[in-house]
Each structure stands twice: as structure tokens, then as C-alpha cells.
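Q: Before I ask anything, let me first share the structure, which is written out below as C-alpha cells.
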Amino acid sequence: MIEPVADELGIPHDRIFANTILFDNEGNYTGFDDSEATSADGGKAKVMQHLKDNYNYEPIVMIGDGATD
């Protein structure tokens, strides 16, 4: 669901690090893709470090739901 926002802002999809939410055929939430780096324990911090190490981004902004961030 973040990709349309990224498109509006001109952010390439390969620069998006976010959980992919999964839904069934009726549109009911069924979970999330646990292969995403951000879904792992400590994964968000690892992604932030990856961005710092590989792109020298400063500052970095992370948006989360607060549950595991």
C-alpha cells in the first residue's frame, strides 16, 4: 500500500523497505510476508543501518505502527 505514495513522491520501489500485508480473495487480512527484512526481530534497525552504510543517508526517517518499532 506504500507504493502509490512512493510513486507520488518519486521514490523508486527498490528504496522501499516495508512489510507486505497479505489479504485473502475477500479482502480480509491474513498476515504479512515474513520474508521482508522489516518483519524480522530487529529487522527495522538492520534496514536503517543498511541505509546508513550503503547510501550515507542523514537523516533517516522511519514510520512504524509502534507495536514492534
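Q: Taking segment 32-44 as the search range and keeping residues that are surrounded by 12 or more Cβ atoms within 10 Å (Cβ to Cβ) and among the small types (G, A, S), which one is farthest from R15 (Cα to Cα)?
A: Looking at residues that are surrounded by 12 or more Cβ atoms within 10 Å (Cβ to Cβ) and among the small types (G, A, S), I get A40.
Q: Can you name every residue in segment 46-58 that is open to solvent by 80 Å² or more (accessible area, probe 1.4 Å) and at pLDDT 85 or above?
A: K46, Q49, K52, D53, N54, Y55, N56
Q: Exactly one condition in (1) open to solvent by less than 50 Å² (accessible area, probe 1.4 Å); (2) touching a residue at least 12 places away in the same chain (Cβ under 8 Å); (3) out of contact with any strand residue (DSSP E or B) (no Cβ under 8 Å at 6 or more places or on another chain); (4) not hydrophobic (A, V, I, L, M, F, W, C) is false for E3; which is it?
A: Of (1) open to solvent by less than 50 Å² (accessible area, probe 1.4 Å); (2) touching a residue at least 12 places away in the same chain (Cβ under 8 Å); (3) out of contact with any strand residue (DSSP E or B) (no Cβ under 8 Å at 6 or more places or on another chain); (4) not hydrophobic (A, V, I, L, M, F, W, C), only one is false for E3: (1).
Q: Could you tell me how many of the residues in segment 15-69 are within 19 Å of P4 (Cβ to Cβ), more than 13 Å from the chain's Cα centre (by Cα) and aliphatic (A, V, I, L, M)?
A: 1
Q: Oh, and also: Filter segment 11-45 down to residues that are at pLDDT 90 or above and part of a helix (DSSP H, G or I), then give me how many there are.
A: Total meeting the criteria: 1.
The values are calculated or read from the model by the stated rules, or taken from the named source; none is laboratory data. These numbers were taken from a predicted model, which means no experiment stands behind them. So basically every Cβ, Gly included, is an ideal-geometry build from the backbone, and we count neighbours across all protein chains shown. To get the accessible areas, we keep the full protein, side chains included, count just its heavy atoms, and leave off ligands, DNA and RNA. Shrake-Rupley method; radii C 1.70, N 1.55, O 1.52, S 1.80 Å.
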